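Chemist: Here you go, one structure.
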Amino acid sequence: MINWIAKVLPNVYQLGWGGDAGWGTSIFQTLFMTFWSAIFGGILGIIFGVLLVLTKEDGIHPNKFWYNVCDKIVSIFRAIPFIILLAFIAPVTQKIVGTQIGMKAALVPLTLGVFPFYARQVQVALESVDSGKIEAAQSLGATTRDIIFDVYLRESRSELIRVSTVTVISLIGLTAMAGAIGAGGLGNTAISYGYNRFNNDVTWVATIFVIILIFIVQVVGDFFAKKLNHQNR
């Protein structure tokens, strides 16, 4: 098998598995950026999504000021192209992680790049919850915390899994651009060691790895979404 790869895919073989440009390193970098950005961006997305639903005009705590603040923050960050965001928040990245380049530095723009998209998805998911259930919980004396966790998040958990799956898949795509600040990853391998050097085999293999990651995320996400949907019934 190794000999076949060396013969048919010489440039792929030359990169090896370890080292700064190895396939194992690239896969790890992509997984590292995707995982931690999904965690941080997910937390921010849920917070903003919940606030948007709670403070809207017909929400359980209508507040025009805070709704507009959250809405504008989400809209502004969604409007900034990710490649520009990388450069725009470089000083902030420097303050937070102590550097503007590398894997860890990429987590800041990736988080800020993905959270507004996820916040809107969460907002839509929570707004799909039957208002009758919210009114019933309020009539029984449920607190805001109870309504958030036991009604909004519980009733929409299947849909939240679906939108989370879409968000993670989008995030994997964003990690490809993170290579612009030396973060590495499969996207960087495809461009720097494949496309820019006319090594088509490297580009193809990197693309295949990305497709495999996306396929795994999609399958796992669909499984849990269907499972939770059946439990809700």
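The values are calculated or read from the model by the stated rules, or taken from the named source; none is laboratory data. For clarity, every value in this text was computed on a predicted model and none was experimentally measured. Glycine also receives a Cβ, built like all others from the backbone with ideal geometry; neighbour counts cover every protein chain displayed. Ligands, DNA and RNA are excluded from the accessible area calculation, which covers all protein heavy atoms including side chains. Shrake-Rupley method; radii C 1.70, N 1.55, O 1.52, S 1.80 Å.
Chemist: Using the beta-carbon distance between Ser170 and Asp201 and R0 = 22 Å, what value does 1/(1 + (r/R0)^6) give for FRET efficiency, to the nearest 0.05?
Modeler: 0.25
Chemist: Label region 1-104 by shape, choosing from rounded, prolate and oblate, from the square roots a ≥ b ≥ c of the eigenvalues of the Cα gyration tensor; if a/c is under 1.5 it is rounded, and otherwise prolate applies when a/b is larger than b/c, oblate when it is not.
Modeler: On the way: a/c = 3.68, a/b = 2.60, b/c = 1.42.
Prolate is the answer for region 1-104, as a/c is 1.5 or above and a/b outweighs b/c.
Chemist: Something else now. Have a look at Ile134, Gln100, Tyr152 and report the one farthest towards the positive end of the charge dipole of region 95-195, computed about the Cα centre with Cβ charges (Lys/Arg +1, Asp/Glu -1).
Modeler: Of Ile134, Gln100, Tyr152, it is Gln100.
Chemist: Further question: Place +1 on the Cβ of every Lys and Arg and -1 on the Cβ of every Asp and Glu in the chain, take the dipole about the Cα centre, and give the residue among Ile212, Thr189, Asn199 whose Cα lies farthest towards its positive end.
Modeler: Asn199
Chemist: Let me ask something else about it. Give me the distance in nm between label points sitting 7 Å out from Cα along the Cα-to-Cβ direction at Gln94 and Leu31, one decimal.
Modeler: Between Gln94 and Leu31, the label points sit 3.4 nm apart.
Chemist: Here's something else I'd like to know. Per residue, what accessible area does region 73-141 have, given a 1.4 Å probe and all protein chains present, in Å²?
Modeler: 52
Chemist: Ignoring any ligand, DNA or RNA, what whole percent of the accessible area of the chain comes from carbon and sulfur when the probe is 1.4 angstrom?
Modeler: Summing carbon and sulfur atoms, their accessible area is 65 percent of the total for the chain.
Chemist: Where does each of 75-86, 109-120 land if you order them by average Cβ count within 10 Å, highest first?
Modeler: Those peptides, ordered most packed to least, come out 109-120, 75-86.
Chemist: Could you work out how much longer the chain between Ile83 and Trp66 gets when fully extended? Use 0.36 nm per residue separation minus the Cα distance between them, nm to one decimal.
Modeler: 3.2 nm
Chemist: Tell me, what ³J(HN,Hα) does each residue in region 163-177 have, in order and in whole Hz, if you take phi through Karplus 6.51 cos²θ - 1.76 cosθ + 1.60 with θ = phi - 60° and put x for Gly and Pro?
Modeler: Per residue, the Karplus-derived 3J(HN,Hα) values read 6, 5, 4, 4, 5, 5, 4, 5, 5, 4, x, 5, 4, 5, 7 Hz.
Chemist: Another question, if that's okay. Quote the FRET efficiency, to the nearest 0.05, computed for Lys133 versus Ile47 with a Förster distance R0 of 30 Å and r equal to the Cβ-Cβ distance.
Modeler: Calculated transfer efficiency: 0.85.
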